Amino acid sequence: MVAFFIFKIPVKKNSLLHLCCSYVHILKTYNQNNFFKHTFCKFQEVQDFEFPEKTHYKSKFNSKYFYTNTGVYRKSNHWGRVANCRWKLNSNGNYKNQENVIGFAKWTDFYPLNESEKSFYVEVDFDRKICKIEPKKEQHSNHLFTYSEAQKRLKNIYRLFKENKWTNYFDTEINELRYKIFTAYIQSDKTLQQIKTEQK
């Protein structure tokens, strides 16, 4: 159940009232009635669950859903972009699209997917040259973005991992340069061009 409050008085940023409003907003919960409405989630693959003959819901693409008090089981052959949602699958092996896999997610694993809430951060593995989008944790120091902004930064980082010509304009060694620029890029709202300029 979600509680909505309407304030008719000015609210200063970082004031006690502002913080209370933000806290109430964060408490938005998901269940079988709203988890499929513009959400981001990471399902964990499970192999010890058998779907009952009567599932709670079956989509037109034959994905099956079974609800529990704590979360939802999903059996499907497609993950990632699902209607207006982004549902990833943490696979136990080498998952291939078009294979039916069962995943489970707690209701608390769902996050709102919109252009106003900054609920995601970008994580970079410099050794493997990969990066990923993660939902915010309860205790975190990561800079948060909306999902679309996080996707934009993800795309730019992968591009700069593959390309080397742009490094010719700097005197810093390439790996050190990437570390400095990418770290600054995922820890602020600055544009990539701004950060590049600061490194010259």
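Pairs from the table (Lys96/Lys196; Lys106/Lys155; Lys64/Lys136; Lys129/Lys196) lying more than 31 angstrom apart at Cα are Lys96/Lys196. Only helical runs count toward this figure. For the chain, summing -39,500 (n - 2.57) over DSSP H runs of n ≥ 4 and dividing by all residues gives -7500 deg cm²/dmol at 222 nm. Give the shape of the stretch 120-199 as rounded, prolate or oblate, defined through the alpha-carbon gyration tensor: a ≥ b ≥ c are the square roots of its eigenvalues, a/c under 1.5 means rounded, and otherwise the shape is prolate if a/b is larger than b/c and oblate if not. Prolate is the answer for the stretch 120-199, as a/c is 1.5 or above and a/b outweighs b/c. Backbone geometry of the stretch 142-155 corresponds, through the Karplus equation with coefficients 6.51, -1.76 and 1.60 at θ = phi - 60°, to 3J(HN,Hα) couplings of 6, 6, 9, 9, 6, 5, 5, 5, 5, 4, 4, 5, 4, 4 Hz, x marking Gly and Pro. For the stretch 71-117, chymotrypsin sites (Phe, Trp or Tyr not before Pro) meeting the loop criterion (DSSP other than H, G, I, E, B) and having at most 16 other Cβ atoms within 10 Å: Tyr95. Within the set (i) 64, 53, 27; (ii) 82, 36, 24; (iii) 41, 41, 35, the number that Cα extents along the principal axes in Å takes when calculated for this structure is listed as (i).
Taken about its Cα centre, the chain carries a charge dipole of about 620 debye when Lys and Arg each add +1 at the Cβ and Asp and Glu each add -1 at the Cβ. Using Cβ point charges alone (K and R +1, D and E -1), the dipole size of the stretch 120-199 about the Cα centre works out to roughly 320 debye.
Close amide H pairs (under 5 Å, H built 1.01 Å from N) link Ile130 with Asp125, residues at least 5 positions away or on another chain. By the count of neighbouring beta-carbon atoms within 10 Å, fewest first, Phe120, Phe61 end up ordered Phe61, Phe120. Descending by average beta-carbon neighbour count within 10 Å, the peptides 164-174, 126-136 line up as 126-136, 164-174, the highest first. Of the residues Thr167, Trp79, Ser116, the one whose Cα sits farthest towards the positive end of the charge dipole of the chain is Ser116 (charges of +1 on Lys and Arg Cβ, -1 on Asp and Glu Cβ, taken about the Cα centre). Sorting 187-194, 38-45 by average packing, meaning the other beta carbons within 10 Å per residue, from highest down gives 38-45, 187-194.
Length gained on full extension, Phe170 to Ser91, computed as 0.36 nm times the residue gap minus the Cα-Cα distance: 24.5 nm.
Quick note: the coordinates plus some simple rules give every number you see, no bench work behind them. Because the structure is predicted, anything quoted here is derived from the model rather than measured. Every residue, glycine among them, receives a Cβ derived from its backbone with ideal geometry; neighbour counts consider all protein chains shown.
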